[in-house]
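Q: First, the structure itself, so that you have it in front of you.
The values are calculated or read from the model by the stated rules, or taken from the named source; none is laboratory data. From a predicted model like this one, the values you see are computed outputs, not experimental measurements. Cβ coordinates were reconstructed from backbone atoms using ideal geometry, including for glycine residues, and neighbour counts include every protein chain displayed.
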Amino acid sequence: MTDKTASDHETQMTEFDRAAGLLGLDPEMQTILRTPFREVQVSLPLRRDDGSLSVFIGYRVQHNGSRGPTKGGIRYHPEVDLLEVRALAALMTWKTALMNIPYGGAKGGVNVKAWELSEDELERLTRTFTTRIALLLGVNRDIPAPDMYTNSQTMAWMMDEYGRKFGYTPGIVTGKPVGLGGSLGREAATGRGTVIITGLVSEEFGLDLKGSNVVIQGFGNVGSWAARLFCEAGARVTAVSDVHGGIHDPSGLDIDAVVKFVKEKKSLEGFPGAKPLSNDEILTMECDFLVPAAIGGVINEKNADAIRAKFVIEAANAPTTPEASHRLEERGIRVVPDILVNAGGVTVSYFEWVQNLQQFYWSEQRVEDELSRIMKNAYTEVAHLRAERGVTFRDASFMLAIDRVARAERLRGS
Ligand code: NAD
């Protein structure tokens, strides 16, 4: 167990306990909701391109399925372990409940440095992982999606491998390429949801998103799409970073040019006309909206007092520790939580699954309109509960979600 993953799990439990306490949830129900439904660990032998053998460890955790099939991404990262996957699976339960979409929560992952594998090795690893967790999956049981260091190609391999055993089943994974039954708008969905929520925050607190100063850590799927859509909304994205470091331009980066640069160079390093800065520095830049969109735990006790944003918009999963969250709120910096901000991804995954089940495909406009409607509803419910109970964005979001799951559990007879 590493400190990092222990803290991921503690973060989850601290947030759950606070919200369950505020709700006055009975202790028996708290125990039910704290305990994951099913956890599986598999060994993944991989014959490497050079003929040698590596054995990786994979996990799938299904946290709670009382509101529908469990749903959650697959992460390929060396920090993946059971505690991290368990924490992220619970987060999915609360996220799908907050969005009021008919899913439970799950998560999966493989402990691997994905960037050290060739494309062929990644394919073989993905097929073995799919085979070894296939019995847990099902369109009405558990539906994976991409997460860090997995993408639409990973989902295409998973769907193909699952189909070899069970026949053509496009709804078995979401985040697929559009040519294989993926949804229009899925790739941009988490970034789009982030910008929708930031727009609603701006409206509520009397800021103008247009012309606002946005800083984004992480320039993968979520960070790069959020950056593009913030620019489209007229905001100034003044700094972005990836695993190697960041770039800064106070007058606003030309994000289309940055995206093009990263596509070619695979890194932000050396982007012309911008000042380089470190991943620590980017988090403490003065801005209206600080958007962590990379890994967990980056805003913590060490830097909470140095944060100079008006709002933290959690596009990554669990980027702020509970202590840091508390400290930021004390300092008047509002933290808008992951389960609200980054739920655009799972929401459009839900649309993809619906389209796969019906074999009837939507226009991109319809996807965007439905996404906007669902995210606005969730924001409005959170805003009402915040006002009614005088609680933070995070507490209100968790309270709404936990209450919804507890009601479903009771209706089923728990
Ligand atoms: P990704 O793999 O596409 O991109 C990750 C980005 O983070 C890359 O730019 C990478 O260089 C950067 N990064 C990695 N380690 C870092 C570090 N130590 N410091 C700074 N930057 C680092 O992943 P993604 O899909 O964009 O996911 C980003 C976050 O958003 C994750 O926390 C993920 O769980 C969460 N999320 C993703 C989705 C989705 O639809 N993709 C949905 C909900 C939540």
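Q: For a quick check of your reading of the model, give me the residue pairs whose first member lies in segment 177-191 and is in a helix (DSSP H, G or I), whose second is away from the ligand (no atom under 15 Å from the Cβ), with beta-carbon atoms closer than 6 Å and at least 6 apart or on different chains.
A: That search, which allows pairs on different chains as well, returns LEU180/ALA156.
Q: Return yes when VAL348 is hydrophobic (A, V, I, L, M, F, W, C), within 12 Å of the ligand (Cβ to nearest atom) and either under 24 Å from VAL243 (Cβ atoms) or at pLDDT below 95 (or both) and no when it is not.
A: Against the criterion (hydrophobic (A, V, I, L, M, F, W, C), within 12 Å of the ligand (Cβ to nearest atom) and either under 24 Å from VAL243 (Cβ atoms) or at pLDDT below 95 (or both)), VAL348 does not qualify.
Q: Show the residue pairs that are 6+ apart or on different chains and have beta-carbon atoms under 8 Å apart, the first residue being within segment 342-354 and touching a residue at least 40 places away in the same chain (Cβ under 8 Å) and within 20 Å of MET148 (Cβ to Cβ), the second being within 8 Å of the ligand (Cβ to nearest atom) and among the hydroxyl-bearing types (Ser, Thr, Tyr).
A: If the second residue must be within 8 Å of the ligand (Cβ to nearest atom) and among the hydroxyl-bearing types (Ser, Thr, Tyr), the pairs left are ASN342/THR190; GLY344/THR190; GLY345/THR190.
Q: Right, next: Within segment 149-157, does at least one residue satisfy the condition of being in contact with a Lys or Arg (Cβ under 9 Å, 6 or more places away or on another chain) and over 28 Å from LEU340 (Cα atoms)?
A: The answer is yes, given that some residue of segment 149-157 is in contact with a Lys or Arg (Cβ under 9 Å, 6 or more places away or on another chain) and over 28 Å from LEU340 (Cα atoms).
Q: For segment 38-82, list the strands (runs of 3 or more DSSP E) that sit wholly inside it and hold at least 3 residues that are within 16 Å of the ligand (Cβ to nearest atom) and modelled with pLDDT of 95 or more; which are they?
A: Those strands (runs of 3 or more DSSP E) span 53-64, 70-76.
Q: Among (1) in a loop (DSSP other than H, G, I, E, B); (2) free of Cβ contacts under 8 Å to residues at least 24 places away in the same chain; (3) within 22 Å of TYR162 (Cα to Cα), where does LEU135 come up short?
A: (1)
Q: Across segment 224-237, what is the total count of residues that are surrounded by fewer than 22 Cβ atoms within 10 Å (Cβ to Cβ) and either away from the ligand (no atom under 16 Å from the Cβ) or not basic (Lys, Arg) (or both)?
A: Residues in segment 224-237 being surrounded by fewer than 22 Cβ atoms within 10 Å (Cβ to Cβ) and either away from the ligand (no atom under 16 Å from the Cβ) or not basic (Lys, Arg) (or both): 6 in total.
Q: Keeping to segment 140-177, report how many residues are more than 20 Å from VAL112 (Cα to Cα), within 16 Å of the ligand (Cβ to nearest atom) and among the polar types (S, T, N, Q).
A: The qualifying residues number 1.
Q: Looking for whichever is over 24 Å from ILE402 (Cα atoms) and more than 17 Å from the chain's Cα centre (by Cα) here; the options are ALA306, ALA324. Which one fits?
A: The match here is ALA306.
Q: Then there's this: Looking at (1) more than 9 Å from the ligand (Cβ to nearest atom); (2) surrounded by fewer than 24 Cβ atoms within 10 Å (Cβ to Cβ); (3) β-branched (Val, Ile, Thr), can you tell me which one VAL312 breaks?
A: (2)
Q: In the set PHE261, PHE289, which member is more than 9 Å from the ligand (Cβ to nearest atom), among the hydrophobic types (A, V, I, L, M, F, W, C) and crowded, with 23+ Cβ neighbours inside 10 Å?
A: Among PHE261, PHE289, only PHE289 is more than 9 Å from the ligand (Cβ to nearest atom), among the hydrophobic types (A, V, I, L, M, F, W, C) and crowded, with 23+ Cβ neighbours inside 10 Å.
Q: Those residues that are touching a residue at least 60 places away in the same chain (Cβ under 8 Å) and either buried (at least 23 other Cβ atoms within 10 Å of the Cβ) or more than 16 Å from the ligand (Cβ to nearest atom) (or both), I need them from segment 297-309; list them, please.
A: Matches in segment 297-309: ALA309 only.
Q: Oh, and also: Considering only residues that are β-branched (Val, Ile, Thr) and either near the ligand (Cβ under 9 Å from one of its atoms) or part of a helix (DSSP H, G or I) (or both), look in segment 193-223 and name the one that is nearest to GLY245 (Cα to Cα).
A: Here the answer is VAL222.
Q: Still on this structure: Just name the residue that is farthest from ALA274 (Cα to Cα) out of those in segment 238-252 that are surrounded by fewer than 24 Cβ atoms within 10 Å (Cβ to Cβ) and touching a strand residue (DSSP E or B) at 6+ places or on another chain (Cβ under 7 Å).
A: Within segment 238-252, the match that is farthest from ALA274 (Cα to Cα) is GLY245.
Q: From the residues in segment 196-223 that are of a type in the set (S, T, N, Q) and under 19 Å from the mean Cα position of the chain (by Cα), which one is surrounded by the fewest Cβ atoms within 10 Å (Cβ to Cβ)?
A: Out of the qualifying residues, it is ASN221.
Q: I need a count of the residues in segment 239-258 that are more than 12 Å from the ligand (Cβ to nearest atom) and part of a strand (DSSP E or B).
A: 3
Q: From (1) within 29 Å of GLY220 (Cα to Cα); (2) surrounded by fewer than 22 Cβ atoms within 10 Å (Cβ to Cβ); (3) in contact with a Lys or Arg (Cβ under 9 Å, 6 or more places away or on another chain); (4) in contact (Cβ under 8 Å) with a residue 60 or more places away in the chain, pick out the condition that doesn't hold for PRO45.
A: So PRO45 meets the others, but not (3).
Q: Just to check your reading of the model, which residue among GLU84, GLU79, GLU187, GLU116 is of a type in the set (D, E, K, R), out of contact with any Ser or Thr (no Cβ under 9 Å at 6 or more places or on another chain) and within 23 Å of GLY223 (Cβ to Cβ)?
A: Of the residues listed, the single one that is of a type in the set (D, E, K, R), out of contact with any Ser or Thr (no Cβ under 9 Å at 6 or more places or on another chain) and within 23 Å of GLY223 (Cβ to Cβ) is GLU116.
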